[in-house]
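Trainee: Before anything else, here's the structure in question.
The values are calculated or read from the model by the stated rules, or taken from the named source; none is laboratory data. Just so you know, these numbers come straight off a predicted model, no measurement behind them. The accessibility values were calculated without ligands, DNA or RNA, using every heavy atom of the protein model including side chains. Shrake-Rupley method; radii C 1.70, N 1.55, O 1.52, S 1.80 Å.
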Amino acid sequence: SFSSTSDSCVAGGNGTGLGNNIDNLQLPNCNGDVVSLHDDCGSSAAVWYVQTAGWCGACDFWIPRVEALYEQEAAHGLEVYYVLGQDASSGVPTADYCTQYATDKGIDPARVLIDNGADGAWGTFNQSIDTYDAGYIPWNAVLRGSNMEYIWADNVTNGIITDLKQALDSALGKDVDMTPMLQE
C-alpha cells in the first residue's frame, strides 16, 4: 500500500520500501563530509543511488553511462550518488581509496559515499532503503526529490513505473533522452 506516502519529506521516513518516504539517510563522502539525503529534499527533482564496489567489473561498464546521463540531466534536477561499499580487495574503503576510486571513474568525490561500517558493506544504506535482496551490484534506486519517495529499483517495481526511463521521466517531469546509456 502506498497510502502513507507524504507529499513532503518525512524526517524519520515512513518505511523503507517502494512508495515510502525514505528517512534522512546520512553517509560520508570521499571528502569526509556527511551527505544527508534530506538536504536535497525539494531542491533535486530526482535522486539516483548506485551501489558499487572497487572490485566490480560491471560497475566499470555502468558508471560512465550513468555519469553521461547525469551530465545531460543535472540542470533538470537529477542528482546521482554512488554508494561505495567495498574496496578492490572487498575490504572497507578508506577516504583515500574513495577519492582515488572517484578520480579513476571521473566522478566528483563529493558524490561518492562510503558505506561499510558496523553493519558491513552497504549496511547503513540498506537500513534506509530496501534493496529487496538484490544480491548484486551495480544496483540502482530512484527517489522523487520533492518528497524522497522511493519510486523505482532495478529489481522491483510498483507496477506503474517499471524501468529506469519511466522513473526518471516521472521524477524529472519530462521525457528523458536515454541515449547516453547506449554508448559503446
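Trainee: So what J values fall out for segment 101-117 if you push phi through Karplus, 6.51 cos²θ - 1.76 cosθ + 1.60 with θ = phi - 60°, rounded to Hz, Gly and Pro as x?
Mentor: 4, 4, 4, 4, 8, x, 10, 4, x, 5, 9, 9, 9, 9, 9, 7, x
Trainee: Still on this structure, I have one more. Around Val92, which amide H atoms from residues at least 5 apart in sequence, or from another chain, sit under 5 Å from its own amide H, with H modelled in the peptide plane?
Mentor: Here Asp87 satisfy the definition.
Trainee: Pop out the ³J(HN,Hα) list for segment 64-71 in order, Karplus 6.51 cos²θ - 1.76 cosθ + 1.60 with θ = phi - 60°, rounded to Hz; leave Gly and Pro as x.
Mentor: So the Karplus estimates, Gly and Pro as x, are x, 5, 4, 4, 5, 5, 4, 4 Hz.
Trainee: Moving on. When the gyration tensor of segment 54-125 is built from Cα positions, what are the square roots of 5 times its three eigenvalues, in whole Å, from largest to smallest? All intermediate terms of the calculation are to be shown ahead of the outcome.
Mentor: Working: eigenvalues 96, 35, 23 Å².
Semi-axes from the Cα gyration tensor: 22, 13, 11 Å.
Trainee: Still on this structure, please answer the following. Whole-Hz ³J(HN,Hα) for each residue in segment 40-46, computed from phi via Karplus 6.51 cos²θ - 1.76 cosθ + 1.60 with θ = phi - 60°, x for glycine and proline: what do you get?
Mentor: Using θ = phi - 60°, the values come out as 8, 4, x, 9, 10, 7, 9 Hz.
Trainee: Then there is this: With every protein chain present, what accessible area does Ser89 have (1.4 Å probe, heavy atoms only), rounded to the nearest 10 Å²?
Mentor: Only protein atoms counted, so the area is about 100 Å².
Trainee: Give me the mean projected area, in nm² to one decimal, of the convex hull enclosing the Cα positions of segment 1-79. Don't skip to the answer; put the middle values down first.
Mentor: On the way: hull surface 26.6 nm².
Orientation-averaged projected area of the Cα hull: 6.6 nm².
Trainee: Considering only protein heavy atoms and a probe of 1.4 Å, how much of the accessible area of segment 1-104 is carbon and sulfur, as a whole percent? Mind dumping the intermediate values first?
Mentor: Numbers: 2140 of 4410 Å².
For segment 1-104, the apolar C and S fraction of the accessible surface comes to 48 percent.
Trainee: Mind grabbing the accessible area of Arg144 for me, 1.4 Å probe, Å², rounded to tens?
Mentor: 50 Å²
Trainee: How much accessible area per residue does segment 69-184 have, in Å², with a 1.4 Å probe?
Mentor: Accessible area per residue, segment 69-184: 44 Å².
Trainee: Now for a separate question. When the Cα atoms of segment 99-167 are enclosed in a convex hull and the volume is divided per residue, what value in Å³ results? Write out the running numbers ahead of the final one.
Mentor: Details: hull volume 8.6 nm³, N = 69.
In segment 99-167, the Cα convex hull volume per residue is 124 Å³.
Trainee: Quick check: with the 1.4 Å probe, what order do Met178, Met148 take by accessible area, largest first? Please report the intermediate quantities before stating the final value.
Mentor: On the way: Met178 35, Met148 0 Å².
Reading off the accessible areas and sorting them downward yields Met178, Met148.
Trainee: Just Ser90, Ser170, Ser44 to compare: in a GNM of the chain, with alpha carbon springs under 10 Å, which one fluctuates most?
Mentor: Ser90
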